[in-house]
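One structure is given below, encoded as structure tokens.
The values are calculated or read from the model by the stated rules, or taken from the named source; none is laboratory data. The structure displayed is predicted, hence computed values, not measured ones. Cβ placement follows ideal geometry from the backbone for every residue including glycine, while neighbour counts extend to all protein chains displayed. Keep in mind that these areas ignore ligands, DNA and RNA; they rest on the heavy atoms of the full protein, side chains included. Shrake-Rupley method; radii C 1.70, N 1.55, O 1.52, S 1.80 Å.
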Amino acid sequence: MLVTAKEMLDKAKAGHYAVGHFNINNLEWTKSILAVAQELNSPVILGVSEGAGKYMTGYKTVAAMVKAMIEEMGITVPVALHLDHGSYEGCKKCIEAGFSSIMFDGSHLPIEENIEKTKELVKLAHENGMSIEAEVGSIGGEEDGVIGAGEFADPEECKKIADLGVDFLAAGIGNIHGKYPANWPGLNFDVLAKVQEKTGTLPLVLHGGTGIPADMIKKAITLGVSKINVNTECQLAFADATRKYIEAGKDLEGKGFDPRKLLAPGAEAIKDTVREKIELFGSANKA
């Protein structure tokens, strides 16, 4: 059964750990992440970008697959199904499809429009028993074709959005999606501390969790970050393991070309990545 992300994140904030949000791209991704969350007795958030939702033929397909998989695999840990960087229309579709959580990303809009649309979606989400995340200060890197440099959120704007009743908030603190460049200056903890000061007990979200050093992750958690998004790292691990399988000629041995065999090393590599992150975030045995 799906739960809202709010339940697990309120608990994480109070317990000074973070819950991993891992993006899913297909059945293998979903199966690997759920298996590790169950193995480590950790709550988990399955994130779906609009691009991945489209790739999997739509949000109804995704919701049906995740719900059935939880049942068939005997998953007992809390699982949230969350729209990642949703547009206004995408959020509405996920509410209809039966997700348990949505993120409205209005960070590219003028603050007044962001406030107006967030307010409406907060009402809709809560009426449907769902949790909602909002964003202030766009996260850098590439996200579904939009490229940004990684802005710093304005703590006052964060307070305005927080006061609308959102359940958790993504605030830009110099983090970016994708691989971090060699000259990346690191996270801005002063901005994070100011945002935390303005938003109080509201759980904060760190996007672009791939490639941020472990000590920075741990410090961010002490400053109120309760949800950390990981996507690129799982994709890189999957691609690397698949490349090695093919370069070793395994797909030419016996029935090595069978997609279940061909995708197996990548699925195992995702498991290893998720395992490592859950341990780092401190959510193991917190289900």
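General remarks:
- Residue within segment 174-185 that is crowded, with 18+ Cβ neighbours inside 10 Å, at pLDDT 85 or above and closer than 27 Å to V48 by Cβ present: no
- Segment 121-162: number of residues that are modelled with pLDDT of 95 or more and acidic (D, E): 2
- Whichever residue in segment 233-263 is acidic (D, E) and loosely packed, with under 12 Cβ neighbours inside 10 Å and, among such residues, is nearest to E276 (Cα to Cα): E247
- Restricting attention to segment 169-192, the residues that are assigned to a strand (DSSP E or B) and over 17 Å from T222 (Cα atoms) total 1.
- Residues in segment 80-97 that are open to solvent by less than 10 Å² (accessible area, probe 1.4 Å), in contact with a Ser or Thr (Cβ under 8 Å, 6 or more places away or on another chain) and either among the β-branched types (V, I, T) or touching a residue at least 40 places away in the same chain (Cβ under 8 Å) (or both): A80, L81, H82, D84.
- Within segment 193-216, the residues that satisfy the criterion of being within 21 Å of K277 (Cα to Cα) and in a helix (DSSP H, G or I) are A214, D215, M216.
- I212 free of Cβ contacts under 8 Å to residues at least 40 places away in the same chain and either over 25 Å from A80 (Cα atoms) or crowded, with 18+ Cβ neighbours inside 10 Å (or both): yes
- For first residues located in segment 22-51 and at positive phi, partners that are polar (S, T, N, Q) and open to solvent by 20 Å² or more (accessible area, probe 1.4 Å) and lie 6+ apart or on another chain with Cβ distances below 8 Å form the pairs N41/N285.
- I270 passes every criterion in (1) without any contact (Cβ under 8 Å) to a residue 12 or more places away in the chain; (2) under 30 Å from G15 (Cα atoms) apart from (1).
- D167 being at pLDDT 95 or above and among the charged types (D, E, K, R): yes
- Residue match in segment 23-42 (condition: closer than 21 Å to K227 by Cα, open to solvent by 10 Å² or more (accessible area, probe 1.4 Å), touching a strand residue (DSSP E or B) at 6+ places or on another chain (Cβ under 9 Å) and of a type in the set (V, I, T)): no
- Count of segment 51-64 residues which are in a helix (DSSP H, G or I) and surrounded by fewer than 18 Cβ atoms within 10 Å (Cβ to Cβ): 6
- Residues (in a helix (DSSP H, G or I) and hydroxyl-bearing (S, T, Y)) located in segment 1-17: none
- Qualifying residue in segment 246-266 (condition: over 30 Å from V195 (Cβ atoms), in a helix (DSSP H, G or I) and among the small types (G, A, S)): yes
- Residue ID - farthest from the chain's Cα centre (by Cα), chosen from residues in segment 65-89 that are more than 25 Å from K286 (Cβ to Cβ) and outside any helix (DSSP H, G or I): S87
- Residue within segment 99-118 that is closer than 17 Å to T4 by Cβ and open to solvent by 70 Å² or more (accessible area, probe 1.4 Å) present: no
- Being modelled with pLDDT of 95 or more, of a type in the set (G, A, S) and under 22 Å from G178 (Cβ atoms) holds for only one residue in A284, A239, A264, A248, and it is A239.
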